[in-house]
Amino acid sequence: MHVLVAGGAGYIGSHMVRCLGEAGVEVTTLDNLSSGRRDAVTHGRFVQGDLGVTDNLKVH
């Protein structure tokens with residue numbers, strides 16, 4: 001399973017990313033870092049961007 005967590009560098013999102021990662025789920029975090037912190041994302045892949053920019057949502 002692969003999960004996208006939008007806002008995953010914020011307080012609640014980063015806890016969700018950690019829980020999912022520790023459960024063995026593949027996680028991608030998308031965050032524009034307007035109020036989150038990059039170092040709060042401890043599992044999976046991190047993409048700095050905004051949901052409003054559809055190019056950020058393309059699968060690579």
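Read-outs throughout are calculated quantities, based only on the coordinates presented, and are distinct from any laboratory measurement. Keep in mind it's a predicted model, so treat the numbers as computed, not measured. Virtual Cβ from ideal backbone geometry, glycine too; neighbours counted across all protein chains shown.
A compact table of results
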{"item": "Sum of -39500 (n - 2.57) over DSSP H runs of 4+, divided by residues of the chain (222 nm, nearest 500)", "result": "-6000 deg cm²/dmol"}
{"item": "Estimated vicinal HN-Hα couplings, Hz - segment 27-41 in sequence order (Karplus 6.51, -1.76, 1.60; Gly, Pro = x)", "result": "10, 10, 9, 10, 8, 8, 6, 5, 9, x, 10, 4, 6, 7, 8"}
{"item": "Which label in (1) 59; (2) 73; (3) 79 gives the computed percent of Cα pairs over 12 Å apart", "result": "(1)"}
{"item": "With at most 14 other Cβ atoms within 10 Å, longest stretch of the chain clear of loop trypsin sites (Lys or Arg not before Pro) (DSSP)", "result": "1-36"}
{"item": "Residues in segment 1-42 reached by a label modelled at residue 48 [backbone nitrogen below 13 Å; 7 Å Cα→Cβ]", "result": "31-40"}
{"item": "Cβ-defined net charge surrounding residue 28, 13 Å radius [Lys, Arg +1; Asp, Glu -1]", "result": "0"}
